[in-house]
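Here the structure is laid out as structure tokens; the discussion comes afterwards.
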Amino acid sequence: MTINLTTTAQVESALDELSSVLPGQVVDPRHPDWTALSRAWILSVDQRPRAVVTVTDEEDVVAVVGWAARHDMTVSVQPVGHGATHALDGTVLLRTRGLREITVDAENRIARVGAGVKWGELLAAVSDLGLTGLAGSSPDPSVVGFTLGGGLSWFSRAFGLAAHSVVAVELVDGDGELRRVTAASDPDLFWAIRGGGGDFGIVTALEFRLHPAPHVYGGRLLWPIEMARPVMTAFAEVTASAPDELTAWAHLLRFPPLPEIPEPLRGGSFVSVDLTFLGSAEEAERLLAPLRSLPALRFDTLGTVPLAELGGIAAEPVDPMPTMELSGLLRDFDEVTIDRLLAAAGGPDSPLVVVQVRHLGGALTRATDADGAAGALSEPYQLFCLGVPVSPEVAYAIGQAFAEVRTALGEHLTGRRAFNFLSDDHDPTSAFSPTALERLVAVKAEVDPHGTIRSNRPVNRS
Ligand SMILES: Cc1cc2nc3c(=O)[nH]c(=O)nc-3n(C[C@H](O)[C@H](O)[C@H](O)COP(=O)(O)OP(=O)(O)OC[C@H]3O[C@@H](n4cnc5c(N)ncnc54)[C@H](O)[C@@H]3O)c2cc1C
């Protein structure tokens, strides 16, 4: 039987009932540390869940979702908070960091991870095996959150999105039932959760293929920002003919003058190319010749990269911070695109801390609809811009800079975005083709007709 809760007292009473089942694990706005407990990693999104529940195993998840279904409440999940969102306002928010299982079957190249495991933890576990999961630029995102949204990895040009490597998912559905979902058991649901986000159940564990990575060469090449045009041009030349084993991302980087930023980066503006190569140093260096021929190199960290240190290449922050983000998939990255991007975002006064162009292609283009909702990424490059809104004035300037970038690039942006790079103010439907979108909405209606589960980017929130 469903109980409709209409008053605050009724909600508090229902939460007290949940607390009696999970003592010490449920907090609500009456808790003195509520602000810290309910916030996301991205501090600029003021999230307002009804309660936060720390779960430690799958039975806890079953208990919360069953309780929510009975009380006509909605459940969200946020292990880390990189995908901060207002979509979870009014929901009961699960923190799943306690689900820490990591099991690696090296012989069959399969890993199984719990919903709380971060990429850095999984990479440390496989680092000595010559195998890798499809981790992205940072060790901090949870494997599950990252993978449900597609998961654009350093190694996606060789092996596809992280979602493409999933072989099984264990989740608690909208009725509070724990299910093992595979291509054979539930083809539509299995398709949706591989790239459609977390709207289809609370995942407790994920199983996915590992890939060979016996030697990873990589690191960062960095020049002063005055070198932006020749570096971007050489980056375009290198990536135009790169084999799938080479992944390169170009950046404009503006570091604040903070003591925690090391010299020579502190307070400076730079252009960099970060890269990984699944192969030898000699072969990588041959491919990088156009970049190596440029003068004024200030910083060179290229070398063998132990997998456990993959996150060190881009060295992205892991502590919570306010951010504003813009992303989009690019049709091309030729001289005209470079000119327009630099005119809009390359100036000395730009408030954009990061302007990143990721080379895509390779296996990303070869995926098919059968590989999950994320499908193929046919665009050859992705643009991502980030600002840090430390004051309303800076937030305004970042918004203006985003508008300038969008206008300058115009038709060079296809209008599609990769799901994981959506921010709270983006329309999630922009990540999918009309056909995929229709199928996602149908799967949601089928598996969670009462809307008990809500992801950070629901595609049918209208
Ligand atoms: C510094 C940084 C670097 C990044 N680099 C990359 C990158 O290289 N490639 C890339 O693809 N993305 C990247 N991202 C984006 C990141 O992958 C997404 O924001 C992803 O959603 C983060 O997942 P999370 O669990 O860490 O975050 P959270 O905000 O905790 O979770 C995000 C969403 O995932 C879903 N979810 C999480 N766990 C579960 C679960 N157990 N069951 C059901 N749903 C769940 C929920 O909808 C949740 O709202 C990066 C983000 C940051 C901050």
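The values are calculated or read from the model by the stated rules, or taken from the named source; none is laboratory data. All of these numbers come straight from a predicted model, not from anything done at the bench. Cβ coordinates were reconstructed from backbone atoms using ideal geometry, including for glycine residues, and neighbour counts include every protein chain displayed. When the accessible area is computed, the model is the full protein with side chains, heavy atoms only, and any ligands, DNA or RNA have been set aside. Shrake-Rupley method; radii C 1.70, N 1.55, O 1.52, S 1.80 Å.
Here are the numbers for this structure:
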{"quantity": "Tally, over region 136-162, of residues that are part of a loop (DSSP other than H, G, I, E, B) and near the ligand (Cβ under 8 Å from one of its atoms)", "calculated": "12"}
{"quantity": "Qualifying residue in region 163-182 (condition: more than 13 Å from the ligand (Cβ to nearest atom), free of Cβ contacts under 8 Å to residues at least 60 places away in the same chain and part of a loop (DSSP other than H, G, I, E, B))", "calculated": "yes"}
{"quantity": "Residue count for region 8-57, restricted to those that are of a type outside the set (A, V, I, L, M, F, W, C), in a helix (DSSP H, G or I) and surrounded by fewer than 20 Cβ atoms within 10 Å (Cβ to Cβ)", "calculated": "9"}
{"quantity": "First in region 316-331 and over 19 Å from residue 394 (Cβ atoms) and touching a residue at least 24 places away in the same chain (Cβ under 8 Å), second anywhere and open to solvent by 50 Å² or more (accessible area, probe 1.4 Å) and in a strand (DSSP E or B), Cβ under 6 Å, 6 or more apart", "calculated": "none"}
{"quantity": "Count of region 92-108 residues which are open to solvent by 50 Å² or more (accessible area, probe 1.4 Å), in a loop (DSSP other than H, G, I, E, B) and within 16 Å of residue 206 (Cα to Cα)", "calculated": "4"}
{"quantity": "Failed condition for residue 293, given (1) at pLDDT 95 or above; (2) surrounded by 13 or more Cβ atoms within 10 Å (Cβ to Cβ)", "calculated": "(2)"}
{"quantity": "Residue under evaluation residue 120, criteria (1) within 12 Å of the ligand (Cβ to nearest atom); (2) open to solvent by less than 30 Å² (accessible area, probe 1.4 Å); (3) under 30 Å from residue 460 (Cα atoms), criterion not met", "calculated": "(3)"}
{"quantity": "Of all residues in region 321-334 being open to solvent by less than 60 Å² (accessible area, probe 1.4 Å) and part of a loop (DSSP other than H, G, I, E, B), the one that is nearest to the ligand (Cβ to nearest atom)", "calculated": "323"}
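Rundown of residues vs (1) over 24 Å from residue 333 (Cβ atoms); (2) of a type in the set (S, T, N, Q); (3) within 22 Å of the chain's Cα centre (by Cα); (4) modelled with pLDDT of 95 or more, yes/no style:
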residue	(1), (2), (3), (4)
210	yes, no, yes, yes
223	no, no, no, yes
240	no, no, no, yes
249	no, no, yes, yes
277	no, no, yes, yes
